[in-house]
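Encoded as structure tokens, the structure appears first; notes follow it.
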Amino acid sequence: MLALFFACTPPDPDAMLREGRVDEAIAAFATTSGRSIPSGHPTAQALARRAQSESWITVVELVRWTEAAALLEGVPGTRTHPLDLSFEAWAPLATCSAGRLQAPWRVAVGRSQGPDDPDPNEAGRPFEGVAYAKGRVVGSAMVLAPAESIAGAAALADLFGNLDRDPPAHLVTIVFADAGGSLAVNLTRRDGVWWTLSANDAAAGAAWIVACGEG
């Protein structure tokens, strides 16, 4: 009977991750969550290596950060359009931004890489140093079902609040993605103010800043 109990015990994705069984961990997580990522993605591989010594890196976090990395990597490097608008703080834009998105939605923020950034494969501070192809992931928020709207809006507010408290010193990219498409905006901080530089859709970027900045 005991053997039967253990045979029916569902696999523990986090235990698999700690054992270096990354493919199996991701597959087990996908079975229960419906969310899957390619285990060979560089962000997933780097986080899997760090997971051996950093307890904050669970399979949930590995998938979440890799999803954000993939979203940021999808931003076009060319064919962007100039956008020249400014705002003082992110936090006032959070509620409006969440309200403009249709579930399911994701938001990811990244920054360009700096010369002092550590090796992304080496242990670091929790929730920091996560690399993607064009820089480092700052954070993300998501709503995958309408029932998650309140929690997703709160996560976006936390993300925007953190940007105010600890502004990245490099070029920042934010991506909004929902059923209607995606908006990517590149920004920089100058003289204590955030300035937009370009967007994949300048009209949509301007509409976001103007509508949410006035809210």
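The values are calculated or read from the model by the stated rules, or taken from the named source; none is laboratory data. The shown structure was predicted, so the numbers you read here are calculated from the model rather than taken from an experiment. Cβ placement follows ideal geometry from the backbone for every residue including glycine, while neighbour counts extend to all protein chains displayed. Quick note on the areas: whole protein, heavy atoms, side chains included, nothing else; ligands and nucleic acids left out. Shrake-Rupley method; radii C 1.70, N 1.55, O 1.52, S 1.80 Å.
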Test result for residue 61, open to solvent by 30 Å² or more (accessible area, probe 1.4 Å) and either part of a helix (DSSP H, G or I) or touching a His at 6+ places or on another chain (Cβ under 6 Å) (or both): yes
Residue within the stretch 79-91 that is under 30 Å from residue 14 (Cβ atoms) and not hydroxyl-bearing (Ser, Thr, Tyr) present: no
Filter pass, residue 163 being open to solvent by less than 40 Å² (accessible area, probe 1.4 Å), touching a residue at least 24 places away in the same chain (Cβ under 8 Å) and either in a helix (DSSP H, G or I) or in contact with a strand residue (DSSP E or B) (Cβ under 8 Å, 6 or more places away or on another chain) (or both): yes
Selection from the stretch 176-209 of residues that are in contact (Cβ under 8 Å) with a residue 24 or more places away in the chain and either open to solvent by 70 Å² or more (accessible area, probe 1.4 Å) or of a type in the set (Ser, Thr, Tyr) (or both): 179, 180, 182, 195, 196, 197, 198
Answer from 43, 31, 95 - the residue that is touching a residue at least 40 places away in the same chain (Cβ under 8 Å), surrounded by fewer than 22 Cβ atoms within 10 Å (Cβ to Cβ), β-branched (Val, Ile, Thr) and assigned to a helix (DSSP H, G or I): 95
